[in-house]
Amino acid sequence: MDLTLTPDQASFQDEVRTWLRAHVPTERLASPGTPEGLEQHRSWERTMFEAGLAAVHWPREHGGRGLGPIETSIFYDEYLAAGAPDRLNRLALGLAGPTLIECGDEAQRERWLSNMLSCDEIWCQGFSEPGAGSDLASLRTRGVVDGDRLRVDGQKIWTSHSQFADWIFALVRTDPEAPKHRGITFVMIDRHSPGVDVRPIRQMNHSSSFAEVYFDDVEVPLENVVGELNDGWRVAMVALTNERSSNLNTAAHFERLLGEVIDLVPPERRRDPRIAAEIGRFHEEIEAYRYLTLRTLTELSKGRRPGIQSSMGKLWWSEMQTRIHELGLEMLGDDAELLDPADAPGGFVHRYWLGRAAHIYAGSNEIQRNIIAERWLGLPKGR
Amino acid sequence: MDLTLTPDQASFQDEVRTWLRAHVPTERLASPGTPEGLEQHRSWERTMFEAGLAAVHWPREHGGRGLGPIETSIFYDEYLAAGAPDRLNRLALGLAGPTLIECGDEAQRERWLSNMLSCDEIWCQGFSEPGAGSDLASLRTRGVVDGDRLRVDGQKIWTSHSQFADWIFALVRTDPEAPKHRGITFVMIDRHSPGVDVRPIRQMNHSSSFAEVYFDDVEVPLENVVGELNDGWRVAMVALTNERSSNLNTAAHFERLLGEVIDLVPPERRRDPRIAAEIGRFHEEIEAYRYLTLRTLTELSKGRRPGIQSSMGKLWWSEMQTRIHELGLEMLGDDAELLDPADAPGGFVHRYWLGRAAHIYAGSNEIQRNIIAERWLGLPKGR
Amino acid sequence: MDFEFDEDQVAFGAAVRRFLDAKLPPSRLRTIWDEGQGYRHEVWRELAGLGVAGSLVDEAHGGSGGRLTDLVLVLGELGTHAVPEPAVETAVVAPLVLSGFGAPALQQEWLPQIAAGDTIVAVAARPEGARVPDGATADVTLVRSGHEVHLVRPQRVTARPLAGADPSRRLAECDYRLDDSTLVTVDPAASLLIDTAGAAGTAALLVGLCDRLVDLTREHLLTRQQFGRPLAEFQVLKHRLVDVAVAVEAARSLTWNAGYRVGVGDPGAAMAARAAKAAASEAASRAGAAALQLHGGIGFTWEHDLHLWLQRAMSWERSFGIARELRAQMGAELLEAK
Amino acid sequence: MDFEFDEDQVAFGAAVRRFLDAKLPPSRLRTIWDEGQGYRHEVWRELAGLGVAGSLVDEAHGGSGGRLTDLVLVLGELGTHAVPEPAVETAVVAPLVLSGFGAPALQQEWLPQIAAGDTIVAVAARPEGARVPDGATADVTLVRSGHEVHLVRPQRVTARPLAGADPSRRLAECDYRLDDSTLVTVDPAASLLIDTAGAAGTAALLVGLCDRLVDLTREHLLTRQQFGRPLAEFQVLKHRLVDVAVAVEAARSLTWNAGYRVGVGDPGAAMAARAAKAAASEAASRAGAAALQLHGGIGFTWEHDLHLWLQRAMSWERSFGIARELRAQMGAELLEAK
């Protein structure tokens, strides 16, 4: 056990920190939902790409830095600390790309990987469906083989980034007769194809960060299928296992959130033992998450595939985050009723609802508990 | 809606208060587990009996006062406020007696009721079994009809008062072929019969308030069967419905407990907003329980049988009680580690463990939630 | 002792329910929300026609001279339907304060208008920089200033409308010009009554809103299938809704009691109202969280009705005292009494 | 960066586990409990033979010169088996304090005896009226008096044994006669080290104890049948044990970190130890409540082993800081730092 950086890690950290200090835009970029914001984000991503920092966790032969999980987390801690913009092509870098690297063929990697890094093509995900919910494998979007193409009909939901995405990696049912988890195919769909219709979902918090995507007889070349036809469930599981190598929801992220809440505590309550105990507890929970994660990263860095930690981690941070938000709302007092983030310091109301959604997305917390019960505790499936 | 007492209720309250003030023993009685304590309790019960107050909720023709549920609760609130001793023959007055009144025959009522009131015979309950747990109906104590008697073999557990009880009202399986809830018989067993063996259970809190009762070929006259042979499940449900008319676990009881906790708050913490908020919340929960109960009593007093409130009430008080105990333990500080109630003010550690047991006995809280889900919310049985 | 509503009270609640089921479905609420700050309270006038606004106004001033108990079930219905008007301020707080502490001329001027549904009342906790629901649109505002209570007409209000998360609140930040002409009373019992009646009334709204959340969630559990069976068969989801339902029944019991004690002017009314409001806020918060979780993603969409109730719940949880503060007040009183 | 134990550390833990599985089964623990205050610590001497007591004692004084990280898994095993000795006081706190702050003569006198398992050390938080586990039976006691730390022999102790709920604690209320001859150091870092090392070590014990509670409960769920199927098929019970297991993994992660930081003398050691102890106390409290609930009635009997672990858990939850206080300390530091 050694929690100091190796010389290589230290010099990498140094390099990244220096580079970020020199290159991170000093002004906050506009939202990528706006045309100028999209251009600003693309430009920032291109800068990263040119510096070879677009996907540090990807293998070198595919344009990454070939870094291990610990080094990748060092990178993203620095990235967050430097106040750098949110990554634009997160779903390509974290899911679609690694999946292609692991399950795609040479032509597919050639076709897409480099454009992912440069952000010339932006990606979104088409897994969820309105009728499926937690039972992802019950999806009903159909793909019918017709010569050298797949004809896709159906509907996806909760697609983020789809308003400016160019490609969708999606699961479609290609064999309706097969058992639920078979007969599913993983396919890359051109968002600009005829028959693809993206409709933003207005959310209860008055914003629209997700969309529904409708497919009406969309033609997709069979060469866009990743892995074999009807073997898409396995490919999807590879994709989801890779999901963890994202810069979101790290301990550093929640530490910053807690710092914001501490700043909101009014002077007369800074000696309230209950407030102190709550803040101390959040600190403890964030540190627990940091070292839970570090255990996983250590195992990954030694070539082992930890089984259950991603379920534990997701449960942990999503429920902790809601409680931190709730303390933030309490500290905001009357301001917590205000809608506009410009008036409400920190936009806590907005983030509170997003945080609530985290109990549901990416595998609801009930599903995560089922997984832990069955895979970690060895309790039977069932009721 | 009128929360004042009617003139009759007020004069009854007055009568009871006056009588109790004159008769409640000024010194605390010894434990009924000791011979002199048992005699002291019997003597107090006899005083009550002679005053016609032994079972105010029983019909007049059976020696009670024929009081309705609201008047009965007035009685027990006064009883608790007067610091009167715990009732000795609780299971007779609350369960066995009312069950005989509703389901027994004339001879049975003649045989037992009056001795219940006078405490000449003390009763205990034989429902639970080690193998059954929450699934009460899976009980296995056997009763075989042999001429005019039942031969009983098996084992009961969690029997309280059994060290000094004279009678056990028990459920035995008389038809092993019938479906689980059929084939059960409700029977009165003489605790002094040959073959009955009572073994106290030592508890983790170093005390022994329960026992196991073993039956080895115990002969029980068939005339001791209440209701029909194999119809005991229905009779047991009548008994359990009557359980609520006991003086235990009323709002007044928890109000007193909270008062003890308030007394334990050390001077330097009396202005801690967290302590205040916890105490305020317990007050709120106790009041909620008071008025939940009053809704039920009102319905009962109008001849309706409320369905679900006893499950809700049990869930509510048992979980609230544990949290009150926990605050008490926190306020005790170092004293919370001490075993002896003489050293630990209030015997909170002892009561804490008893309170934890309340999450399990009389239908575990998980079972109560199932009942509420199915009968109140109309959700399906199942998983 | 009788802890039930009488037939008239039950019938009044049922009449209001029928009216609101017909006249204030979610679609109407959405229209009202879209109209935003300019909303003109038509629903309120119709409710006043049913006797809601004048229930606590005495007969001499055009009301029915009832007590808060008469209105508890009705307020529950207003909560179930998430009425966008400041019902508690207008139909509970204002009539009680004006009847109890206002000069006859003041009563004569305002009570008949309130009973008729022509006047919407706002309540402000302080004269400067107060965040007031309907602060810019109310016809008149009860303003607390220390122990004083004032009644202020719009001409004396400087209101800056704010964009609140709940479009039914029409929040504004307000300053009031107070002087002798606006003074209603210097009796501290009047401010206490504002707190107490406001808390008891809002608790009743929240309990009704909780009923809606439980019903919606229950229906969703019964109809939504996952893994080949209805959600309602999953024990964890069942128990979660049970815990909500039990919290709602607890809050309901406390709310009935608070309504009764406020109605008869019981000395325990203030404590009873705090307990009811704290329990109702807690129940609503748990009901909202459970409803959102058990509905899954669809519950987060603007298209689904759930958020209409959630937004209202979050506002009412804050009105007239948040749970933690009310509990700390109760606890402090109990600690001091010892 | 490498957040795993090395092979030696893992092997050390495994050796201790094998030893305790064989030598300290619940039946032995029951015998020890029955012996009560007179118990003479035979198990401890045998553990010392395995290197447990001297792990943090330097080689010159008969130990193996390790760091706390070397002992974290071993402490976990001691917790899993609910060892009745004051292991953290004797094998962690005393060696670290004496090595770091004691005069050479003091080290020479005590460290070899500690390493050999011949000396049992108690820790007292204050010189008068302190509640001290093993207060009347320890061979020597580390006593805090303000910022001073003293080392006190039994002759200078007035101890009144108390009947504690946990028979492994052998509690006594103690007064100590301190003077220059008992003084170890006036360096405030020594008292801080007592807190920090005590909290980190006790966290490790608790994590091991939690493992036992989870295992016992898991087995019970898998074997106990109700309504015709194992308890383990009921989703509510599964999820309850999941929440415990997740809390235990969180506490484990924090405990590894605290052990490491104490071991290397990191400036963050004090915060890390508090976080670990608070999390471990919380995990143990939840594990105990869940174990008791899921075992049903049988778990409340003296006959069943569950209570052996529950009593020990409740004691250790209190040792070296309860969760709420530790959290308040951490929070206060964070609030001050801003």
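Values in this text are rule-based calculations from the coordinates and carry no lab data. None of these values were measured; they are calculated from a predicted model. With ideal geometry, Cβ positions are generated from the backbone for all residues, glycine too; neighbour counts draw on all protein chains shown.
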Set the Förster radius R0 to 51 Å, insert the Cβ-Cβ distance between A:Glu374 and B:Asp263 as r into 1/(1 + (r/R0)^6), and round the FRET efficiency to 0.05. 0.60
Given a Förster distance of 22 Å, the FRET efficiency implied by the Cβ-Cβ spacing of C:Asp58 and C:Val186, rounded to the nearest 0.05, works out to 0.40
For the stretch C:181-195, in order, what is each residue's ³J(HN,Hα) by Karplus, 6.51 cos²θ - 1.76 cosθ + 1.60 with θ = phi - 60°, in whole Hz (x at glycine and Pro)? 5, 9, 5, 9, 6, 10, 6, x, 4, 5, 5, 4, 5, 4, 4
Please rank C:Met1, D:Met314, C:Met330, fewest neighbouring Cβ atoms within 10 Å first, as an exposure proxy. C:Met1, D:Met314, C:Met330
Projecting the Cα atoms of A:Gly232, A:Pro194, A:Met204 onto the charge dipole of the stretch A:187-273, where Lys and Arg contribute +1 and Asp and Glu -1 at Cβ, the residue farthest towards the positive end is A:Met204
In terms of the alpha carbon gyration tensor, root eigenvalues a ≥ b ≥ c, rounded if a/c is under 1.5 and otherwise prolate when a/b exceeds b/c or oblate, the stretch A:1-133 is oblate
Residue-normalised 222 nm signal for chain D, counting each DSSP H run of n ≥ 4 as -39,500 (n - 2.57), nearest 500 deg cm²/dmol, is -19000 deg cm²/dmol
Would you mind computing, in nm to one decimal, how far apart the modelled labels at A:Arg202 and A:Thr47 are, each placed 7 Å from Cα along Cα→Cβ? 3.7
Could you work out how far the C-alpha centroid of the stretch A:241-320 sits from that of the stretch D:235-297, in angstrom? 15
Using helices alone, I'd like the mean residue ellipticity at 222 nm for chain A: each DSSP H run of four-plus residues gives -39500 (n - 2.57), total over residue count, nearest 500. -13500 deg cm²/dmol
Relative contact order of chain B, please, whole-number percent, based on alpha carbon pairs below 8 angstrom and at least 6 residues apart. 12
Give me the net charge of A:Arg65's neighbourhood, meaning all other residues with Cβ under 13 Å from the Cβ of A:Arg65; Lys, Arg count +1, Asp, Glu -1. -3
Taking the label point 7 Å from Cα in the Cβ direction, how far apart in nm is A:Ser114 from each other copy of itself, listed shortest first? 10.7
Rel. contact order, % - alpha carbon contacts under 8 angstrom, at least six apart, the stretch C:138-224: 25
Proximal lysines to C:Lys338, defined as alpha-carbon separation beneath 27 angstrom and excluding residues fewer than eight positions away on the same chain: C:Lys277
When a/c reaches 1.5 or more, the comparison of a/b and b/c decides; with that in mind, is the stretch A:250-376 rounded, prolate or oblate per its Cα gyration tensor? prolate
Relative contact order for chain C using alpha-carbon pairs under 8 Å, separation at least 6, rounded to a whole percent? 16
Please list, in order along the stretch C:170-180, the HN-Hα scalar couplings obtained from phi with the Karplus expression 6.51 cos²θ - 1.76 cosθ + 1.60 (θ = phi - 60°), rounded to whole Hz, x for Gly and Pro. 6, 5, 9, 9, 10, 10, 10, 8, 9, 7, 4
So the compactness index of chain A, its C-alpha Rg divided by 2.2 N^0.38 Å, takes the value 1.02
Apply the Karplus parameterisation 6.51 cos²θ - 1.76 cosθ + 1.60, with θ equal to phi minus 60°, to every residue of the stretch C:88-105 and state each ³J(HN,Hα) to the nearest whole Hz, in sequence, with x for glycine and proline. 5, 4, 7, 9, 10, 5, 4, x, 5, 5, 5, 5, x, 10, x, 5, x, 5
Taking the Cα-to-Cβ direction at B:His181 and at B:Arg28 and moving 7 Å from each Cα, how far apart do the two end points lie in nm? 4.4
If each label sits 7 angstrom from Cα along the C-beta direction, how far apart, in nm, is D:Glu35 from its counterparts in the other copies? 8.5
What gaps in nm, shortest first, separate C:Ala125 from its twins in the other copies when you place the label 7 Å past Cα toward the beta carbon? 3.8
Counted neighbours (other Cβ, 10 Å), sorted fewest up, put C:Trp44, D:Trp110 in the order D:Trp110, C:Trp44
Neighbourhood charge, 11 Å Cβ-Cβ cut-off, centred on C:Ala115 and excluding it, Lys, Arg +1 and Asp, Glu -1: -3
With r defined as the distance between the Cβ atoms of C:Ala125 and C:Asp34 and R0 fixed at 22 Å, what FRET efficiency is calculated, to the nearest 0.05? 0.15
Cα-based Rg (one decimal) and Dmax (whole number) for chain D, in Å? 19.7, 70
Shape call for the stretch C:7-186, from the Cα gyration tensor axes a ≥ b ≥ c (a/c under 1.5 means rounded, otherwise prolate when a/b beats b/c, else oblate), comes out oblate
Extending each Cα 7 Å along its Cβ direction at A:Arg142 and C:Asp215, get the distance between those two points in nm, one decimal. 3.9
For chain A: lysine pairs under 26 Å (alpha-carbon distance), excluding those fewer than 8 apart on one chain: 6
List C:His81, C:His150 from most exposed to least, where exposure is judged by having the fewest other Cβ atoms within 10 Å. C:His150, C:His81
Under 5 Å between amide hydrogens, which residues at least 5 positions from C:Ala124 or on another chain qualify, with H placed 1.01 Å from N in the peptide plane? C:Leu142, C:Val143, C:Arg144
Send over the Kirkwood Rh of the stretch A:87-130, from the inverse of the averaged 1/r over different Cα pairs, rounded to one decimal Å. 10.8
